[in-house]
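Peer 1: Right, I'll just put the structure down here and ask away after.
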């Protein structure tokens, strides 16, 4: 198993306030550990215009599994905050870090 840092981009198509951003970051925090912290990686970045990116650490056997898990975790967290897939569509995930067995 390896630990992958997966970056998932998206766009908020409706307003997201600071409280919602904070809740989202807290919800995702369990997937932000020593690997990304050592690299000083921001867990959630939101830009003007509503674009955002989330970085999650996923332990998985392969890249495809890690990417799918990251998208699922982010989509579930957004849904818990009331953001449907139409309110915050996600883009394709990308591996932006890797640690572990190769």
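The values are calculated or read from the model by the stated rules, or taken from the named source; none is laboratory data. Fair warning: this is a prediction, and the values are worked out from it, not measured in the lab. Using ideal geometry, Cβ is built from the backbone for each residue, glycine included, and neighbour counts are taken over all protein chains shown.
Peer 1: Residue check: is residue 46 in contact with a strand residue (DSSP E or B) (Cβ under 9 Å, 6 or more places away or on another chain) and at pLDDT 95 or above?
Peer 2: When the stated conditions are applied, residue 46 does not pass them.
Peer 1: Further question on the same structure: Could you list all residues from the stretch 91-102 that are under 17 Å from residue 46 (Cα atoms) and either free of Cβ contacts under 8 Å to residues at least 40 places away in the same chain or in contact with a helix residue (DSSP H, G or I) (Cβ under 6 Å, 6 or more places away or on another chain) (or both)?
Peer 2: Once the filter is applied, which keeps residues that are under 17 Å from residue 46 (Cα atoms) and either free of Cβ contacts under 8 Å to residues at least 40 places away in the same chain or in contact with a helix residue (DSSP H, G or I) (Cβ under 6 Å, 6 or more places away or on another chain) (or both), the stretch 91-102 yields only 93.
Peer 1: Taking the stretch 78-91 only, how many residues are within 13 Å of residue 27 (Cα to Cα) and buried (at least 21 other Cβ atoms within 10 Å of the Cβ)? I'd like the intermediate steps shown before the answer.
Peer 2: Pass one, the stretch 78-91, residues within 13 Å of residue 27 (Cα to Cα): 78-81.
Those still in the list that are buried (at least 21 other Cβ atoms within 10 Å of the Cβ) too: 78.
Total satisfying the criteria: 1.
Peer 1: Sticking with this one: I'm told residue 64 meets every condition in (1) in contact with a strand residue (DSSP E or B) (Cβ under 8 Å, 6 or more places away or on another chain); (2) at pLDDT 95 or above except one. Can you identify the failing condition by its number?
Peer 2: (1)
Yes/no per residue for (1) under 11 Å from residue 7 (Cα atoms); (2) not in a helix (DSSP H, G or I):
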residue: 49; (1), (2): no, yes
residue: 55; (1), (2): yes, yes
residue: 73; (1), (2): no, no
residue: 79; (1), (2): no, no
residue: 84; (1), (2): no, yes
residue: 88; (1), (2): no, yes
residue: 98; (1), (2): no, yes
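Peer 1: Among the residues of the stretch 1-25, which ones are out of contact with any helix residue (DSSP H, G or I) (no Cβ under 6 Å at 6 or more places or on another chain) and not in a helix (DSSP H, G or I)?
Peer 2: 1, 2, 7, 9, 10, 11, 12, 13, 14, 15, 16, 17
Peer 1: Residue pairs, Cβ under 7 Å, 6 or more apart or interchain, first in the stretch 62-76 and under 18 Å from residue 99 (Cβ atoms), second modelled with pLDDT of 95 or more. List them.
Peer 2: Every condition considered, the pairs that remain are 67/93; 70/8; 70/93.
Peer 1: Another one. If I filter the stretch 23-42 down to residues being within 12 Å of the chain's Cα centre (by Cα) and modelled with pLDDT of 85 or more, which single residue comes out as nearest to residue 4 (Cα to Cα)?
Peer 2: Filtering the stretch 23-42 for residues that are within 12 Å of the chain's Cα centre (by Cα) and modelled with pLDDT of 85 or more, the one nearest to residue 4 (Cα to Cα) comes out as 28.
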